[in-house]
């Protein structure tokens with residue numbers, strides 16, 4: 001456990017704010033609230049412990065959330081070949097939209113935001129090392145919670161139109177009487193950026209709080225990347241890559257097969273307080289009933305299926321995923337971001353150099369690709385446009401292919417599809433055809449919120465209430 005945290009303190013805080021709609025019902029009504037930084041830290045450590053135990057679904061995610069994102073909502077697995085023992089696996093994104101659990105991904109971030117607001121609004125202690133660490137963590141966690149809401153509940157950002165796009169309701173205060181309407185997307189992005197920069201101003205390095213200065217820089221890069229601010233991404237990822245260098249060979253293999261400890265160039269990771277997990281075991285069991293798709297396997301050439309270290313680490317000869325679950329942040333993501341940013345700002349040769357550098361750390365006896373011998377776009381690839389809405393070129397196709405290979409089963413593919421054109425495609429299961437529509441990449445605001453908050457705008461495509 002993380003330090004001498006009094007569970008009774010946290011219990012007292014939580015009981016102050018329980019209600020049937022507790023994610024925003026945060027007025028104290030005369031109850032006792034914490035006073036010292038140590039007492040306030042209990043609020044943060046509770047959520048950090050959930051990450052370490054693999055119980056968090058919305059900040060880093062866990063294996064249960066990964067198998068839905070990757071094995072059902074993306075196209076890396078073959079739904080139509082699911083065996084009868086895999087009935088617990090969801091079929092496609094539409095399956096999730098029709099069950100009550102989809103609303104949890106709206107409410108759970110706001111529960112985290114609520115606790116962060118309590119710290120940021122009510123903690124008077126300042127200047128001490130503990131107060132700085134708690135406040136920096138609250139800023140970081142609130143930012144990450146809003147970042148996840150942005151990705152799930154907002155449409156893709158349109159450069160130059162952010163003030164006209166819907167963001168999410170912004171809850172900034174501890175004492176609230178009314179539920180806010182949705183902000184603009186620009187206001188949501190500005191808040192996330194501001195919170196991350198506030199966290200960075202404390203220069204936190206204590207890994208006990210997980211959201212260290214380097215991790216927060218990684219999230220700031222992710223925010224800029226999601227919002228297509230390419231030139232802001234580059235200095236951040238290059239700074240991090242200088243510190244967390246790419247690994248290859250046995251060092252890479254050891255990192256990617258380490259279950260619970262932070263290893264290699266990983267900055268952040270779930271399950272760190274675990275020595276075993278029944279939840280991970282159950283997820284692995286479910287995955288064995290749904291084979292990896294031919295579309296994913298074909299991202300590796302026949303030669304790469306032998307020479308690329310990732311192939312044997314990810315999939316066995318029966319097309320069953322065997323990759324060790326990873327929920328977190330690691331250096332390879334930064335290299336892929338670097339390549340794509342170079343591409344979008346028109347520095348094609350530098351983009352190719354970044355991809356070649358990554359591939360050289362994964363493929364034995366590697367020979368750099370050149371602009372003249374780039375592989376063609378795969379026929380079965382569902383993504384056909386890039387993040388700017390332009391038709392894929394061979395170079396952009398290569399960058400996205402390497403991202404797909406490198407971040408397989410890390411909760412990335414669904415968001416890659418959303419980020420790059422929101423392709424519509426179908427899958428078959430038990431004689432029925434299931435179509436992923438463009439609007440489904442953005443989740444519906446829970447029906448209860450639409451009923452409760454007059455004027456709250458629902459996302460396009462959801463003309464009927466999903467659930468009550």
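The values are calculated or read from the model by the stated rules, or taken from the named source; none is laboratory data. In this text, all values refer to a predicted model and were calculated from it rather than measured experimentally. Positions of Cβ are generated from backbone atoms using ideal geometry, with glycine treated the same way; all protein chains shown enter the neighbour counts.
Answer yes if at least one residue in the range 266-275 is touching a helix residue (DSSP H, G or I) at 6+ places or on another chain (Cβ under 8 Å) and over 19 Å from residue 48 (Cα atoms), and no otherwise. It would help to see each step written out before you state the result.
Within the range 266-275, the first condition is being touching a helix residue (DSSP H, G or I) at 6+ places or on another chain (Cβ under 8 Å), and the residues that meet it are 266-268, 270-274.
Those left that are additionally over 19 Å from residue 48 (Cα atoms): none.
Among the residues of the range 266-275, not one is touching a helix residue (DSSP H, G or I) at 6+ places or on another chain (Cβ under 8 Å) and over 19 Å from residue 48 (Cα atoms), which makes the answer no.
Taking only the range 438-468 into account, find how many residues are out of contact with any helix residue (DSSP H, G or I) (no Cβ under 8 Å at 6 or more places or on another chain), modelled with pLDDT of 95 or more and either in a strand (DSSP E or B) or more than 15 Å from residue 168 (Cβ to Cβ) (or both).
So the count comes out to 2.
Hey, can you tell me all the residues within the range 95-129 that are surrounded by fewer than 16 Cβ atoms within 10 Å (Cβ to Cβ), touching a residue at least 12 places away in the same chain (Cβ under 8 Å) and either touching a helix residue (DSSP H, G or I) at 6+ places or on another chain (Cβ under 6 Å) or not in a helix (DSSP H, G or I) (or both)?
98, 99, 124, 128
Which residues, counting only those in the range 132-161, are without any contact (Cβ under 8 Å) to a residue 60 or more places away in the chain and surrounded by fewer than 19 Cβ atoms within 10 Å (Cβ to Cβ)?
Step one: of the range 132-161, the residues without any contact (Cβ under 8 Å) to a residue 60 or more places away in the chain are 142, 146, 149, 158, 160-161.
Within the range 132-161, 158, 160, 161 qualify.
Any residue in the range 330-352 that's free of Cβ contacts under 8 Å to residues at least 24 places away in the same chain: show its pairings with residues that are surrounded by 21 or more Cβ atoms within 10 Å (Cβ to Cβ) and in a helix (DSSP H, G or I) at Cβ separation under 9 Å, as long as the two are six or more apart or on different chains.
From the range 330-352, the pairs are 347/341; 349/342; 350/338; 350/339; 350/342; 350/343.
Please find, among 263, 282, 242, 251, the residue that is out of contact with any strand residue (DSSP E or B) (no Cβ under 6 Å at 6 or more places or on another chain), surrounded by 14 or more Cβ atoms within 10 Å (Cβ to Cβ) and under 20 Å from residue 215 (Cα atoms).
Values: 282 fails: under 20 Å from residue 215 (Cα atoms); 242 fails: surrounded by 14 or more Cβ atoms within 10 Å (Cβ to Cβ); 251 fails: under 20 Å from residue 215 (Cα atoms).
Sole residue among the options that is out of contact with any strand residue (DSSP E or B) (no Cβ under 6 Å at 6 or more places or on another chain), surrounded by 14 or more Cβ atoms within 10 Å (Cβ to Cβ) and under 20 Å from residue 215 (Cα atoms): 263.
Of the residues 382, 435, which single one is touching a strand residue (DSSP E or B) at 6+ places or on another chain (Cβ under 8 Å) and in a loop (DSSP other than H, G, I, E, B)? I'd like the intermediate steps shown before the answer.
Values: 435 fails: in a loop (DSSP other than H, G, I, E, B).
On inspection, the qualifying residue turns out to be 382.
Provide a single number: the residues in the range 144-201 that are assigned to a loop (DSSP other than H, G, I, E, B), in contact with a helix residue (DSSP H, G or I) (Cβ under 7 Å, 6 or more places away or on another chain), over 24 Å from residue 451 (Cβ atoms) and at pLDDT 95 or above.
Adding up the residues that qualify gives 2.
Residue 295 versus (1) surrounded by fewer than 20 Cβ atoms within 10 Å (Cβ to Cβ); (2) within 29 Å of residue 119 (Cα to Cα); (3) more than 19 Å from the chain's Cα centre (by Cα): which is the lone unmet condition?
Evaluating residue 295 over (1) surrounded by fewer than 20 Cβ atoms within 10 Å (Cβ to Cβ); (2) within 29 Å of residue 119 (Cα to Cα); (3) more than 19 Å from the chain's Cα centre (by Cα) leaves (2) as the failure.
Restricting attention to the range 202-227, which residues are in a loop (DSSP other than H, G, I, E, B) and buried (at least 18 other Cβ atoms within 10 Å of the Cβ)? Can you show your working first?
The initial filter retains those residues of the range 202-227 that are in a loop (DSSP other than H, G, I, E, B), namely 202-206, 210-212, 227.
Matches in the range 202-227: 202, 204, 210, 211, 212, 227.
So that you can scan it fast, the table gives a plain yes or no per residue for (1) within 23 Å of residue 66 (Cα to Cα); (2) touching a strand residue (DSSP E or B) at 6+ places or on another chain (Cβ under 9 Å); (3) assigned to a helix (DSSP H, G or I):
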position	(1), (2), (3)
374	no, no, no
400	yes, no, yes
403	yes, no, yes
411	yes, no, no
423	yes, yes, no
428	yes, yes, no
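Residues checked against (1) part of a loop (DSSP other than H, G, I, E, B); (2) crowded, with 22+ Cβ neighbours inside 10 Å; (3) at pLDDT 95 or above; (4) out of contact with any strand residue (DSSP E or B) (no Cβ under 8 Å at 6 or more places or on another chain):
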position	(1), (2), (3), (4)
312	no, no, yes, yes
318	yes, no, yes, yes
326	yes, yes, yes, no
338	no, yes, yes, yes
356	no, no, yes, yes
389	yes, no, yes, yes
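Criterion first (in contact (Cβ under 8 Å) with a residue 12 or more places away in the chain, outside any loop (DSSP other than H, G, I, E, B) and within 20 Å of the chain's Cα centre (by Cα)) does residue 85 satisfy it? It would help to see each step written out before you state the result.
Working: in contact (Cβ under 8 Å) with a residue 12 or more places away in the chain: yes; outside any loop (DSSP other than H, G, I, E, B): yes; within 20 Å of the chain's Cα centre (by Cα): no.
Here the answer is no, as residue 85 does not meet what is asked.
I'd like the full set of residues that are within 22 Å of residue 69 (Cβ to Cβ), surrounded by 15 or more Cβ atoms within 10 Å (Cβ to Cβ) and more than 23 Å from the chain's Cα centre (by Cα), limited to the range 430-468.
Scanning the range 430-468 gives 434, 462, 466.
Evaluate the following for residue 267: is it more than 30 Å from residue 459 (Cα to Cα) and in a helix (DSSP H, G or I)? Break it down stepwise before answering.
Working: more than 30 Å from residue 459 (Cα to Cα): yes; in a helix (DSSP H, G or I): no.
Judged against the criteria, residue 267 is not a match.
Residues in the range 59-80: is at least one farther than 22 Å from residue 405 by Cα, modelled with pLDDT of 95 or more and either in contact with a helix residue (DSSP H, G or I) (Cβ under 8 Å, 6 or more places away or on another chain) or not in a loop (DSSP other than H, G, I, E, B) (or both)? Full working, then the answer.
Taking the range 59-80 and keeping what is farther than 22 Å from residue 405 by Cα, we get 59.
From what is left, the residues that are modelled with pLDDT of 95 or more are 59.
From the residues that got through so far, the ones that are either in contact with a helix residue (DSSP H, G or I) (Cβ under 8 Å, 6 or more places away or on another chain) or not in a loop (DSSP other than H, G, I, E, B) (or both) too are 59.
There is at least one residue in the range 59-80 that is farther than 22 Å from residue 405 by Cα, modelled with pLDDT of 95 or more and either in contact with a helix residue (DSSP H, G or I) (Cβ under 8 Å, 6 or more places away or on another chain) or not in a loop (DSSP other than H, G, I, E, B) (or both).
Taking only the range 176-221 into account, find how many residues are at positive phi and over 20 Å from the mean Cα position of the chain (by Cα). Before the answer, list the steps.
To start, the set of residues in the range 176-221 that are at positive phi comprises 203, 210.
If we keep only those that are over 20 Å from the mean Cα position of the chain (by Cα) as well, we get 203.
Total satisfying the criteria: 1.
Within the range 417-429, take every residue that is under 21 Å from residue 82 (Cβ atoms) and crowded, with 18+ Cβ neighbours inside 10 Å and give me the one that is modelled with the lowest pLDDT. First the steps, then the outcome.
Here is the first cut: in the range 417-429, the ones under 21 Å from residue 82 (Cβ atoms) are 417, 425-429.
From the residues that got through so far, the ones that are crowded, with 18+ Cβ neighbours inside 10 Å too are 417, 427.
Working: 417: 98, 427: 95.
My answer is 427.
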